[in-house]
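The values are calculated or read from the model by the stated rules, or taken from the named source; none is laboratory data. Keep in mind it's a predicted model, so treat the numbers as computed, not measured. Cβ sites come from the backbone with ideal geometry, for glycine too, and all protein chains shown count toward neighbours. With ligands, DNA and RNA removed, areas are computed over all heavy atoms of the protein, side chains included. Shrake-Rupley method; radii C 1.70, N 1.55, O 1.52, S 1.80 Å.
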Amino acid sequence: MAASPVLEKKNNSISSVDGHSQYAATWAERAWFASGCTTVLISLAKSMLILAAGAPTGPWTWLHLTMAALLGHLLADLTSGIYHWAIDNYGSAETPIFGSQIEWFRAHHQYPSEITKFEIAGVVNTVARVTTVAILPITQLSNDPIFLWFVGASAFFGLFSLKFHAWSHIPRRKLPLVVSALQDAGILLRWSWHKAHHRQSFNSGYCVVSGICDRVLDGCKVLLALEVAIFRVMGVKPRSWSESISEWKPMMTQGENPLLN
């Protein structure tokens, strides 16, 4: 695919705004990322502290913790898929609250490798905000160690879901060995599975943590059934039914959507 003029760098250098690379996160984005990470740590640490202060743990406790982590992983994968499907197919850059995310993901379809160049805080800061606002109150209200471990695991995989997504776009030889191993184990999303999503018309492979839940969402045509239901009730067609990648035109400015810088 030919490079977009808006993505070309003058003299092969990365342009800067106020002295910062266009791929660098802002300090506000870094602060939200730190807040999200802290929230995850609070949930996991509180779980361990409660267990340490209580009766001696046995095999069943560790089994419950393992199951909680696995369920948290699956919930994060499922949630990422449903959210990805929704913003890929409905709304526009002008949609309140979600407009920037919608345009960001649509730009990603046209320039998929750009996501690999961004600082992690710039990629996951929106999820970090949701994690902080939604999960922090739970960590304060709950004293159930198994539930807190489940919440922490789900929040962890959700927080880093877009980074897992970015790793799936990086050639295997350039990935850290531990990431490659986790992809091979099916714990993290790998390109061999995710590439289905980048085929016209982007109507499958929406989950970006591991892709495991795509087997249900795609195999059982769950999202297609939702699209049909929405069309029958509201008369709104999803973009995946008709729109090709060539029909997408950026509606946001370069400053609003970093993929267009």
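Values for this structure:
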quantity	calculated
Options Val179, Val233: the member that is of a type in the set (Val, Ile, Thr) and open to solvent by 50 Å² or more (accessible area, probe 1.4 Å)	Val233
Residues being within 15 Å of Tyr83 (Cα to Cα) and either part of a loop (DSSP other than H, G, I, E, B) or of a type in the set (Phe, Trp, Tyr) (or both) - total across the stretch 184-211	10
Residue identified as farther than 12 Å from Ala155 by Cβ, open to solvent by less than 60 Å² (accessible area, probe 1.4 Å), part of a helix (DSSP H, G or I) and in contact with a Phe, Trp or Tyr (Cβ under 8 Å, 6 or more places away or on another chain) among Leu51, Leu65	Leu65
Given (1) in a helix (DSSP H, G or I); (2) closer than 27 Å to Thr116 by Cα; (3) in contact (Cβ under 8 Å) with a residue 40 or more places away in the chain; (4) of a type outside the set (Ser, Thr, Tyr), index of the condition Ala86 fails	(3)
Any chance Arg239 is modelled with pLDDT under 95, basic (Lys, Arg) and buried (at least 17 other Cβ atoms within 10 Å of the Cβ)	yes
Inter-residue pairs, beta-carbon under 8 Å, first aliphatic (A, V, I, L, M) and in the stretch 193-218, second open to solvent by 50 Å² or more (accessible area, probe 1.4 Å) and not in a loop (DSSP other than H, G, I, E, B), 6+ apart	Ile212/Leu74; Val216/Val222; Leu217/Leu78; Leu217/Ile82
Any hit, the stretch 226-235, residues being part of a loop (DSSP other than H, G, I, E, B) and either among the basic types (Lys, Arg) or in contact with a His (Cβ under 6 Å, 6 or more places away or on another chain) (or both)	no
In the stretch 85-127, residue nearest to Ser35 (Cα to Cα) [restricted to those that are among the β-branched types (Val, Ile, Thr) and open to solvent by less than 30 Å² (accessible area, probe 1.4 Å)]	Val124
Count of residues meeting criterion [farther than 19 Å from His73 by Cα and either touching a helix residue (DSSP H, G or I) at 6+ places or on another chain (Cβ under 7 Å) or not aliphatic (A, V, I, L, M) (or both)] in the stretch 130-155	4
Test result for His165, within 21 Å of Tyr23 (Cα to Cα), of a type outside the set (Lys, Arg) and either open to solvent by 10 Å² or more (accessible area, probe 1.4 Å) or without any contact (Cβ under 8 Å) to a residue 24 or more places away in the chain (or both)	no
From Leu188, Leu259, residue being open to solvent by less than 60 Å² (accessible area, probe 1.4 Å) and at pLDDT below 95	Leu259
Test for Val233: is it more than 17 Å from Tyr83 (Cα to Cα) and at pLDDT 95 or above	yes
Subset of the stretch 27-48 that is in contact with a Ser or Thr (Cβ under 6 Å, 6 or more places away or on another chain) and within 17 Å of Ala121 (Cα to Cα) - its residue that is most open to solvent (accessible area, probe 1.4 Å)	Ser35
Check on Ala2, over 24 Å from Thr132 (Cα atoms), of a type in the set (A, V, I, L, M, F, W, C), open to solvent by 40 Å² or more (accessible area, probe 1.4 Å) and at pLDDT 90 or above	no
